[in-house]
Amino acid sequence: MTDINQGNPLPKDADEHIARLRSQLIKNDECGTTHYNLAVALLGKQEYVEAENELHEAIECSPSLAEAYVLLGGICLQRKDLEGCYRYNQRATKARAGFAEGYANMAFVLIQLVDGKDPKEDEEKIDKAIKNLKKAIIHNKNFVQAYATLGTAYFMKGLVQEGIKANLQAIKVQPEFPVAHNNLAVAYLQSKEFDKAIAHCDKAEELGYPVPQELKNELAPHRKA
């Protein structure tokens, strides 16, 4: 899921950059890209209300600017408004056909909405998440986060081998993607392939991933002296 606080790095003088963008908008207030760039800069300073206003202005000027919908979804996510996040990412996929990030973000929200209260509804959410992730991958075959999230969705359905395949695809695209290595460590532990589990656990930790202590404790007895 897009982190609204981790976009392109701001220039060293962020205030000067923001002032320059605002000056451009005084000359031309109908440029959606400038409104969007200003929103990104404001998000970098955690000025969320002003950033949200600029994103709406960006969409008003450029309705097909899918990235603006995604950032609005990120703001909703920060407010714990999952439905709003889903809605904006859905609009992103409608604004631009084949916008992989929107599909992946919708899947992320659906997985977060699985709460164990109604097994049938949970199953439907997971199945819908899988469909969206497959769409994301169709449109971006190198989308490592989508592969890893797809693996998580398969694990939630009890399809461990399918989850393993998805995470292996993630590290095929990006060998040093720590989330996938951690996921594989968990999956291989479940399938009692301990050597593989240990190897991926160590790789995830080597890459700086905060591997859960519980996982390391479960693997400890299977390490060779």
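The values are calculated or read from the model by the stated rules, or taken from the named source; none is laboratory data. The structure displayed is predicted, hence computed values, not measured ones. Counting neighbours? That spans all protein chains shown, and the Cβs are built from the backbone with ideal geometry, glycine included. Surface areas here come from the heavy atoms of the whole protein model, side chains and all, with no ligands, DNA or RNA. Shrake-Rupley method; radii C 1.70, N 1.55, O 1.52, S 1.80 Å.
Residues that are more than 19 Å from residue 136 (Cβ to Cβ) and of a type in the set (Val, Ile, Thr), at least 2 per element: which helices (runs of 4 or more DSSP H) completely within segment 1-120 meet that?
Details: elements: 14-27, 32-44, 48-61, 66-78, 82-95, 100-112.
Output list reads 14-27, 32-44, 48-61.
Within segment 170-213, track down each residue that is among the β-branched types (Val, Ile, Thr), within 22 Å of the chain's Cα centre (by Cα) and more than 28 Å from residue 138 (Cα to Cα). Break it down into steps so the answer makes sense when it comes.
First, pick out the residues of segment 170-213 that are among the β-branched types (Val, Ile, Thr): 171, 173, 179, 186, 198, 211.
Okay, now just the ones that are also within 22 Å of the chain's Cα centre (by Cα), so 171, 173, 179, 186, 211.
The one that is among the β-branched types (Val, Ile, Thr), within 22 Å of the chain's Cα centre (by Cα) and more than 28 Å from residue 138 (Cα to Cα): 211.
For segment 44-69, which residues satisfy the criterion of being open to solvent by less than 20 Å² (accessible area, probe 1.4 Å) and either at pLDDT below 95 or of a type in the set (Gly, Ala, Ser) (or both)?
51, 58, 66, 68
When segment 168-225 is examined, which residues are found to be among the aromatic types (Phe, Trp, Tyr) and under 21 Å from residue 149 (Cα atoms)? Break it down into steps so the answer makes sense when it comes.
Initially, segment 168-225 is screened for residues among the aromatic types (Phe, Trp, Tyr), giving 177, 188, 194, 209.
177, 188, 209, listed by residue number.
Looking only at residues in segment 139-155 that are in contact (Cβ under 8 Å) with a residue 40 or more places away in the chain and outside any helix (DSSP H, G or I), which one is least open to solvent (accessible area, probe 1.4 Å)?
Going through the qualifying residues, I end up with 143.
Consider segment 75-117. How many of its residues are open to solvent by 40 Å² or more (accessible area, probe 1.4 Å) and without any contact (Cβ under 8 Å) to a residue 40 or more places away in the chain?
15
Give the residues of segment 156-187 that are open to solvent by 50 Å² or more (accessible area, probe 1.4 Å) and not in a helix (DSSP H, G or I), sorted by residue number.
157, 158, 159, 174, 175, 176
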